[in-house]
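Read through the structure below, which is laid out as structure tokens, and then see the notes.
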Amino acid sequence: MSGVEVIRASALNGVAHGFLGRRGGVSTGVHAGLNVGVGSDDDADAVARNRDLARDAVLPGGALVTLYQVHSAEVVIVNAPFPGERPRGDAMVTRAPGLLLGILTADCAPVLFADVEAGVVGAAHAGWKGALAGVTDATIAAMERLGARRSHIAAAIGPCIARTSYEVDLAFAERFAADDPANERFFADGARADRLQFDLEAYVTARLAAAGIGRVEALGLDTYAQPDRFFSYRRATHEAAPDYGRQISLIGL
């Protein structure tokens with residue numbers, strides 16, 4: 001499939017899904033590979049072709065739906081392809097066959113959900129803001145409204161920035177400590193006294209476990225540290241790149 005790499009999670013066996021990076025695709029330059037970001041400065045035709053390649057690698061013939069992501073805890077229940085502009089939000093759930101839910105990331109954590117027995121799937125974009133605001137909890141609640149049971153839901157966390165690559169300041173950590181003092185365990189000492197290293201993947205994993213999800217799988221793939229494999233907003237910033245690509249994570253029935 002044009003060299004498209006599809007990373008699958010064993011927790012979601014039996015469900016059409018995949019975490020895609022930048023391998024494959026038709027974009028060039030700083031966007032080289034499978035850039036699916038319509039908000040990037042990439043050629044629009046290349047982005048459209050990459051989206052088709054991504055869809056066909058996971059659910060050929062499916063209807064790909066994506067959101068206007070805003071780092072929120074807003075969830076959209078999707079019954080059919082969106083007729084016009086993409087709604088704002090950071091998670092989607094569906095029980096409609098043929099729909100392929102797509103979440104775009106470039107360091108944030110993509111989370112895919114499935115209750116196979118109920119025939120309900122979900123996808124969430126969990127950057128630090130959305131994760132702290134409870135986007136995964138909101139996704140689970142929306143899945144329950146469609147008939148899922150949280151003890152039957154499996155979830156997988158795809159490629160995202162890892163603790164060793166995610167330096168933050170003390171004020172950042174204080175936001176998490178104010179929400180729950182136990183969140184201090186997700187921060188490690190940084191290279192300087194006024195810096196810490198944040199483990200986004202571990203935080204999202206803990207939120208899912210605390211919500212009563214039956215099975216949680218974290219893939220442990222660092223977007224920042226693998227430039228040949230993943231796009232990274234932070235890496236692009238550190239390299240003073242003019243723009244950056246986005247990768248997609250997909251799930252459907």
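Every number in this text was worked out from the coordinates using simple rules, so none of it is lab data. Everything numeric here is computed off the predicted structure, so don't read it as measured data. Here Cβ is always computed from backbone atoms with ideal geometry, including for glycine, and neighbour counts include all displayed protein chains.
Values for this structure:
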quantity: Meets criteria (out of contact with any Pro (no Cβ under 9 Å at 6 or more places or on another chain), over 16 Å from G122 (Cβ atoms), surrounded by fewer than 13 Cβ atoms within 10 Å (Cβ to Cβ) and not small (G, A, S)) for E201; calculated: no
quantity: Unmet criterion (only one of (1) out of contact with any Asp or Glu (no Cβ under 7 Å at 6 or more places or on another chain); (2) of a type in the set (G, A, S); (3) on the phi < 0 side of the Ramachandran plot) for G98; calculated: (3)
quantity: Cross-chain or 6+ apart pairs with Cβ under 7 Å, region 75-89 first and in a loop (DSSP other than H, G, I, E, B), then of a type in the set (D, E); calculated: G89/E74
quantity: Condition check for A188: surrounded by fewer than 17 Cβ atoms within 10 Å (Cβ to Cβ), of a type in the set (G, A, S) and either within 26 Å of A16 (Cα to Cα) or in contact with a strand residue (DSSP E or B) (Cβ under 8 Å, 6 or more places away or on another chain) (or both); calculated: yes
quantity: Options V120, V116; residue that is within 19 Å of E217 (Cα to Cα), of a type in the set (V, I, T) and surrounded by fewer than 20 Cβ atoms within 10 Å (Cβ to Cβ); calculated: V116
quantity: Of residues in region 33-52 being surrounded by fewer than 20 Cβ atoms within 10 Å (Cβ to Cβ) and touching a residue at least 40 places away in the same chain (Cβ under 8 Å), the one farthest from G220 (Cα to Cα); calculated: D41
quantity: Residue in region 60-91 that is surrounded by the most Cβ atoms within 10 Å (Cβ to Cβ), counting only those that are more than 28 Å from A225 (Cα to Cα) and in contact with a helix residue (DSSP H, G or I) (Cβ under 8 Å, 6 or more places away or on another chain); calculated: V75
quantity: Residues of region 138-149 classified as in a helix (DSSP H, G or I), surrounded by 18 or more Cβ atoms within 10 Å (Cβ to Cβ) and either touching a helix residue (DSSP H, G or I) at 6+ places or on another chain (Cβ under 7 Å) or free of Cβ contacts under 8 Å to residues at least 60 places away in the same chain (or both), total; calculated: 2
